[in-house]
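Nothing in this text is a laboratory measurement; each read-out follows from the coordinates by a stated rule. These numbers were taken from a predicted model, which means no experiment stands behind them. Please note: Cβ atoms are built from the backbone with ideal geometry, for glycine as well, and neighbour counts cover all protein chains shown.
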Amino acid sequence: MNSLLEPGMLVRHPQEPDWGLGQVQSNIGGRITVNFEHRGKVVIDGRQVDLRLVFDASDGGA
């Protein structure tokens, strides 16, 4: 799934719900840069974490 993420897509980190909603900034070679509401910019190893795609920002993480 992570390989399909593109800049502008909204995601959540499954192990870090307190980080809030994140917007993908880049996805290069499995390294995904995401800007989270309550954590800021984080570079994630897509081989270690399967980010959850958010289709509706008002979904509350469901």
- request: Report the label-to-label distance for R31 and V43 in nanometres (one decimal), using points 7 Å from each Cα along the Cα→Cβ vector.
  value: 0.3
statement: Rounded to one decimal in nm, the spacing of the 7 Å Cα→Cβ label points at D18 and A57 is 2.4
task: Any chance you could list the semi-axes, whole Å, largest first, of the equivalent ellipsoid that the Cα gyration tensor gives for the chain, using √(5λ)?
output: 17, 12, 11
